[in-house]
Amino acid sequence: MAEIAFRHVTKRYGRTLAVDDASFTVADNEFFCFFGPPLSGKSTILRLILGLEKPDVGEVLIDGRVVNAVSPAARNIAMVFQNLALFPHMTAAGNIRFPLVERGVPELQIRARMADAAEKLHITHILHKFPGQLSGGERQRVAIARALVRDPAAYLMDDPISALDARLREETRVELKRIQREAGRTLIYVTHDQEEAMSVADRMAILEHGAIRQIGTPSQIYDHPATAYVARFLGSPMMNILTATRQGYSVSAAGAAIQLAAPDLTGIASLGLRPEDLRVSPWAGGTGSPATVIEVEPLGGHTVVTLEAGGTRLRAMLRGQPDIRVSAQVALTCDPARVHYFGDSGETLRPSHQGGSE
Amino acid sequence: MSAIRLENLVKRFGAFTALKTMDLAVDDGEFMALLGPSGCGKSTTMNMIAGMERPSEGRILFGDRDMAGVAMGQRGVGFVFQNYAIFTHMSVRQNLSYGLRMGGRPKAEVAQRTGAIADLLQLGDLLDRPAAGLSVNILQRVAIGRSAVMEPAIFLLDEPLSNVDAAFRAVMRTELKQLQRQFRQTMVYVTHDQLEAMTMADRIAVMDHGVLQQVGRPLEIYNDPANLFVARFIGSPGMNLLAGLPLETAAGPVVDLGAIGHSPVLAPAQAAAARRARGAVVYGFRPEQVATVPPGHGMAMPVSFVERIGARTILHLGHGAQGAKAVFENDVGLSPGSMAHLAPIPAAIRLFDAETGVALRGT
Amino acid sequence: MSPAAKPGPDESARLGLRLTLPAQVLVLFISVFPLLMQLYISLTDWSPLSGLAWPRAWEMWNTFANYTDLLSDNRLWSALGRTLLVMAICVPVEFLLGLGLAILFADNFPGKRLLYSILIMPMMVVPAVAGYMFYMLFQSGGPANDLLSAISGIPVTVAWLSDPTLALAAVMVADIWQWTPLMFLILLAGLVGVPQDQVKAATLLGANAWQRFVTIVLPRMSAIIIIALAIRVIECFKIFDTLFIMTGGGPGVATETISVYIYKITTQDLIWGYVAAIALAILIVLSVACVWAMKRMAK
């Protein structure tokens, strides 16, 4: 049982603000993801949860209890580090049983838990090998198994699969999700890969410079980003963000090449269009904004097209392998309901009758 | 002049054969990606092209010139290491001008060429900064500029984006591609990320365990993989591969997929391929190339997991060897536990010989 | 153990302080106290022959007279000069030899392990034993002369240890034999720490072996090189065992280095106040040099 929460936690290292007034609650048994660019405070938050650091301001709570002064060992949280930290002089089996031996768990139980974890992670056949003899993927799974056998209140994982091959990453993240479900424990996960975060998280928090910008399910954040920063972070290719100005009943962007019916909002400074929301058709002089195709990237399942409209570059993502050539003249259209509008400081503008984010 | 040809290339390290008989031709000015999982021999191949390793057998030719015996420093190739190998005890300017200075070029020429490269790569403001401590994005450009200033005919890049955070990778892919367009040099690029290869390369050479699997344009490899390995490796997710037996039914030729049932009737091209099978086949279709159909038609598979990733939703269907994935836009309305009824686009089906793994073609 | 019993982050630090307190007191007693004692005595004319116990040395107070005396002590300055001469010749030779060996050992060659063991051996020899060894080597009828006779064809019967100049040369040879292995080890460690990727990158850019050495290898070894040189320079001021056994500081004062001089006036003339002043002065000079070296290294 572990509900983990922060109440207005701030942490400084010298003059650098690592965590800026962070507040959140991770529910019991939730797969929660912290996502953000490097140096945005993700690893610091993990260290605060684990107890390796103390907050300068605010409280860290586990199951409703303030644990600021409690030692890491007493908090009963298992962590998988980014560099795995496997003991090179022990076999995989030795590594995995180490935390249990340390805690004086009876031998029979150790064997049972180890066998169970090894089976879940498909590493039973390599338990006798040393870390130096294992591949990157195998080492990763041994590190995860070591955390798994501890049966802690919660798991923390700091970017555990970024060192793996792309293909292996895709497979391992599904495995991790399955394991978390089966283990029934809270898992707090840090990553800078947006596809990974959206795939595994029940809920996620987006970080910028140590501050939490938005918390929600991946779908909520993707469909309703709180700021332009958040909107740009999720989705590949990135959302196209263009400066926009209101002119009477329409909104104009990309040097007047894009015209949209003005929504019921004030203070529009820019608008955002997701590449997959853009429709491209041959230019016939009718509806749509005129654009020229600059580049075509055929990726098999979909095609990314870079376009230029009114001097601005945009990217559109089209399904399959449409027949589009470079320098073709095309018409750009977009469903008005899928356009995001942002204000001066990048915050998303919403009609007054709708609620805020999350 | 700067075309590369690898003939019968073999590389052994003691008892271990890292590369088995590789034949490859890279055209002048082409961007060729060497793609494959860790340990497939792609880095070994590139090291041999650069001259850092000597082939155990076979030869490497630049244009018509056999490179046997030509030392590493004499080959005129540019090389970008995975960790960039920037001279961190020197300034950016000293890094960029290193090759020219060691080659004894006159001071005026060194200054002019260094300045030109710096402008091209937008490093002009950073020239006199120490190279240590700069961001990865800048280091990549310094690494490229350091080689590019020598105006090599051939550029080799060894997984240069693998140390870069996922968030920046897309940005840097675009930069690299633009640079290649500008310099128009022959580029050989090693990677394990199929998305990188598909985005950037003119042609891709797919490798596995020291053997070249297939060479072709990105879409060729995607649409017509030569074997099971390529089918699985290219595409995100990879191609669905289900074991089955060709069967003639009253409705037409199908593939019997065991517990899943019969596949939809095969189109003529696929039927011709099925007829060439000598036994069991593998029925392949891409996750992006399926459509939902009413119950009773197509294949029925239970949904085990739903992955929603931004613009797409990946349905995980079935389990283990009978498993498959399907990719949809987000309005699919299926949840774990329910039954999905799917039919792949007939023209997109690919059949493979179950024993050899080689693709079956009608003609 | 219940959560309340184990210390949290802050309490661990305080506990650590308390646990290391005994060790800190010991270090204080061993290093700081003698230093203060030495400073105290150096400001007096005290000698064990004076009949007073050392805490009462203040009765023979002479303020800075010892320090001014040492400035005009010719024998001291000659000894210092000789020490610096030994340093100026031995350190560069040891450095170059050590560097050459380190470069040799960077690659593999048959017999590497064996040669390695042989090279390390001089370091393991007790300095006094080494002194005796070289004493015998440099006798008029000894192996050194035999070797020279064999090489040159002319019978050589130089009396190394009786000739003022040659004795110093013999001492330098002994020093080089003893300390080159240490330089070799330190420089090898530094050499191995040079990132191979950068060396390869330099090669691909067309740099030849010499250029690579000067532009990549040496700069990246600079921290280690400074450490090696600093260690060796400081050690030079402490040359004693080997030298004393070989020559006793002679003939006359021909091989009297600073340590030998201090030893002599400590044990023979027994003017300990003066000796304390000399030692302290050297300590200060070497400390300043050390700090300078460390500042250079931190860059």
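Comparing Cα centroids, segment A:92-106 and segment C:48-80 end up 66 angstrom apart. Mean partner shielding of peptide A:294-300, defined as the number of other chain Cβ atoms within 10 Å of each residue Cβ, is 6. Of all DSSP-defined beta bridges confined to the protein assembly as shown, some 75% are antiparallel rather than parallel. Among the residues of C:193-202, the average count of other protein chain beta-carbon atoms within 10 Å of the residue beta-carbon is 5. Antiparallel beta bridges, as assigned by DSSP with both residues in chain A, represent about 75 percent of the total such bridges. Taking other residues whose beta carbon is less than 11 angstrom from the beta carbon of B:LEU121, and scoring Lys, Arg as +1 and Asp, Glu as -1, yields 0. Find how many whole Å separate the alpha carbon centroid of segment C:144-180 from the alpha carbon centroid of segment B:25-41. Result: 64 Å between the Cα centres. Listed cross-link partners B:LYS107/C:LYS200; B:LYS20/B:LYS42; B:LYS20/B:LYS177; B:LYS42/B:LYS325; C:LYS238/C:LYS295; A:LYS11/A:LYS54 are compared with a 19 Å cut-off, the Cα-Cα value being larger for B:LYS107/C:LYS200; B:LYS20/B:LYS177; B:LYS42/B:LYS325; C:LYS238/C:LYS295. Per-residue mean of foreign Cβ neighbours for A:214-223 is 2 (Cβ atoms of other chains, 10 Å radius). Once you reduce segment A:182-222 and segment B:209-252 to the center of their Cα atoms, the two points are 34 Å from each other.
Evaluate the relative contact order of segment B:136-217 (contact order divided by residue number), counting alpha-carbon pairs under 8 angstrom at least 6 apart; express in whole percent. Can you show the working numbers first?
Values: 58 pairs, mean separation 20.9, N = 82.
Relative contact order of segment B:136-217: 26 percent.
To the nearest ten degrees, helix B:107-120 and the longest principal axis of the Cα atoms of chain B are 30 degrees apart. When each full DSSP H helix of chain C is screened for a Cα extent of at least 18 Å along its own axis and an average Kyte-Doolittle hydropathy of at least 1.6, the helices passing are C:164-192, C:218-236, C:272-298.
Of all aspartates and glutamates in the structure, the ones whose alpha carbon falls short of 16 Å from that of A:LYS177, not counting any fewer than 8 places away in one chain, are A:ASP28, A:GLU30, A:GLU119, A:ASP158, A:ASP159, A:ASP193, A:GLU195, A:GLU196, A:ASP202, B:GLU307.
Counting charges near C:ASP269 (Lys, Arg +1; Asp, Glu -1) among other residues having Cβ under 15 Å from its Cβ returns a value of -2.
The angle separating the long axis of helix A:166-183 from the principal Cα axis of greatest extent in chain A is about 60 degrees.
Most simply put, chain B has about 75% antiparallel DSSP beta bridges, counting only bridges with both residues inside it. Could you work out how far helix B:92-102 tilts from the main Cα principal axis of chain B, as a 0 to 90 degree angle to the nearest 10? For B:92-102 against chain B, the angle is about 70 degrees. A straight chain from C:ILE151 to C:GLN139 at 0.36 nm per residue would run longer than the Cα-Cα distance by 2.6 nm. Taking chain C as a Gaussian network of alpha-carbon nodes connected by springs under 10 Å, the highest mean-square fluctuation of the residues C:PRO127, C:PRO22, C:PRO155 belongs to C:PRO22. Give me the aspartates and glutamates in straight-line cross-link reach of B:LYS11: C-alpha distance below 19 Å, same-chain residues under 8 apart excluded. Cross-link targets: B:ASP23, B:GLU53, B:GLU57, B:ASP66, B:ASP158, B:ASP208.
Within the shell of other residues whose beta carbon sits under 12 angstrom from the beta carbon of A:ARG113, the net charge comes to +2, with Lys and Arg scored +1 and Asp and Glu -1. Would you mind finding the longest exposed-site-free stretch of chain B, with exposed GluC sites (Glu not before Pro) meaning DSSP loop and at most 13 other Cβ atoms within 10 Å? It works out to B:1-328. Using C-alpha pairs below 8 Å separated by at least 6 residues, the relative contact order for segment B:237-353 is 31 percent.
Using C-alpha pairs below 8 Å separated by at least 6 residues, the relative contact order for chain B is 16 percent.
Here C:LEU85 and A:SER135 are evaluated by their C-beta separation; at R0 = 51 Å the FRET efficiency comes out at 0.25. Only one residue of C:ILE239, C:SER287, C:GLN268 has its Cα farthest out toward the positive end of the dipole of segment C:185-299, where Lys and Arg carry +1 and Asp and Glu -1 on Cβ, and that residue is C:SER287. Taking 7 Å steps out from each Cα toward its Cβ at C:MET123 and A:THR124 produces label points 5.1 nm apart. Comparing B:SER304, B:SER263, B:SER135 in a Gaussian network model of chain B where C-alpha atoms under 10 Å apart are linked, the largest mean-square fluctuation is found at B:SER135.
Put a dot 7 Å past the Cα of A:THR333, heading toward its Cβ, do the same for A:THR266, and the two dots end up 3.3 nm apart. Taking the Cα centre of the protein assembly as shown as reference, the dipole from Cβ charges on Lys and Arg (+1) and Asp and Glu (-1) amounts to some 440 debye.
State to the nearest 20 debye the size of the charge dipole of segment A:4-224 about its Cα centre, where the only charges are +1 on K and R beta carbons and -1 on D and E beta carbons.
On the way: 28 positive and 27 negative charges, 118 e Å.
With only Lys, Arg, Asp and Glu charged at Cβ, the dipole is about 560 debye.
The length gained by stretching the chain between B:ASP28 and B:ALA280 to full extension, at 0.36 nm per residue less their Cα-Cα distance, is 86.5 nm.
For chain C, modelled as a GNM whose springs connect Cα atoms under 10 angstrom apart, the maximal fluctuation among C:LEU36, C:LEU188, C:LEU15 occurs at C:LEU15.
Laboratory data are not the source of any read-out in this text; all were calculated from the coordinates shown. As the structure is a prediction and not an experimental result, all values here were calculated from the model. So basically every Cβ, Gly included, is an ideal-geometry build from the backbone, and we count neighbours across all protein chains shown.
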